[in-house]
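Since the structure comes first, as structure tokens, the remarks are kept for the end.
The values are calculated or read from the model by the stated rules, or taken from the named source; none is laboratory data. Note that the structure is a prediction, hence the values are computed from the model and not measured. Neighbour counts are summed over all protein chains in view; Cβ atoms, including those assigned to glycine, are modelled from backbone coordinates with ideal geometry. Each accessible area value is taken on the protein alone, full model and side chains, heavy atoms only, with ligands, DNA and RNA left out. Shrake-Rupley method; radii C 1.70, N 1.55, O 1.52, S 1.80 Å.
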Amino acid sequence: MSSLDVALIDLIIANRVLARLGAVDAYGHVSVRHPTEPDRFLLSYSRSPRLVDRGDIMQFDLEGRVVGTDNRPPYLERFIHAALYAARADVHAVAHGHPRVLLPFTVADVRIRPLFMTADEFGANVPTWDIRTAFGHGTNMLIINLDQGRDLASALGSDHRVALLRGHGFVAAGRSASQLIRICKALLDNAAVQLEASRLGTLKELTAAEIDARRRTIGTDDNHPSMMRGFEYEAVEAGLEDLLRERAGLQARSEQSAA
């Protein structure tokens, strides 16, 4: 099995699923780290995530430069991905988007609070990064160079999985494409629940102990059947049964070769 083949399939699934969920729109983007060249990442050329397919994927180094001679236009904000992969060896999948349900939390003095059990995926404290702080009041709000990408990466620190971008959107960093989908889904669902529940009265959020217990229960094996169940469900909902079958075939051949 080519680990690159599986990574490409996972990247296509993540793009299409996150588009269907509304985590990324036409101007969002999703990447994965190269499975055998950790100083590279895989990202489509500049097109809508809903349309991303295998032939659209380019390779970039950790300064956001195109690897090779591919001259298709890249995403302007590829530096988000480059900086996160450079800063965090544990990160293998990154998404950036602008879902409307999150925007109120990027501009109001109200934090995202973990309210239901899947919120353990993004944790108790989601930082908000403001481009004004380091780069002044006259930017176009986009992360268009490595200095800006590195500053954003510093907001996530060594262990945050999500950061909000003031007046802009969010960035999420996962250990796999499968986990990235879970993080984004939990974040959007939790934001919607918080906005609705805040009209009803006092909110009761998950405790740190509950979040820790949830994470220990789920574990870190994103290929475990309980984790793949969610990945497969979202892929089928996005109409990607053929890619799932191809992925399963690649894994089966790998297991036979290893036997």
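Just the accessible area per residue of the range 101-245, please: how many Å² with a 1.4 Å probe? Don't jump to the answer; show the numbers that get you there.
Values: 7340 Å² over 145 residues.
Normalised by residue count, the accessible surface of the range 101-245 is 51 Å².
Helices in the chain that qualify as membrane-span-like (whole DSSP H runs, Cα extent of at least 27 Å along the helix axis, mean Kyte-Doolittle hydropathy of 0.5 or higher) are 177-197.
Provide the FRET efficiency to the nearest 0.05 for the Ala89-Gln59 pair, computing r from the beta carbons and using R0 = 25 Å. After rounding, the FRET efficiency stands at 0.85. Distance from the alpha carbon centroid of the range 56-102 to that of the range 159-230 works out to 22 angstrom. If R0 is taken as 30 Å, the Cβ-Cβ distance between Arg216 and Glu255 corresponds to a FRET efficiency of 0.60.
Compared with the rule-of-thumb size 2.2 N^0.38 Å for a compact globular protein, the range 81-190 has a Cα radius of gyration ratio of 1.00. Each principal axis of the Cα cloud of the range 45-130 was taken in turn, and the coordinate range along them, longest first, works out to 46, 28, 26 Å. For the range 122-259, the equivalent ellipsoid built from the Cα gyration tensor has semi-axes of 32, 22, 16 Å, listed from largest to smallest.
Reported value for the chain: 129 Å³ per residue, from the convex hull of its C-alpha atoms.
What's the carbon and sulfur percent of the chain's accessible surface, probe 1.4 angstrom, rounded to a whole number?
51
Per residue, the range 1-80 exposes 42 Å² of solvent-accessible protein surface, assessed with a 1.4 angstrom probe and all protein chains in place.
What order, most packed first, do the peptides 168-176, 150-158 have when packing is the mean number of other Cβ atoms within 10 Å of each residue?
Details: 168-176: 24.3, 150-158: 17.2.
Output ranking for 168-176, 150-158: 168-176, 150-158.
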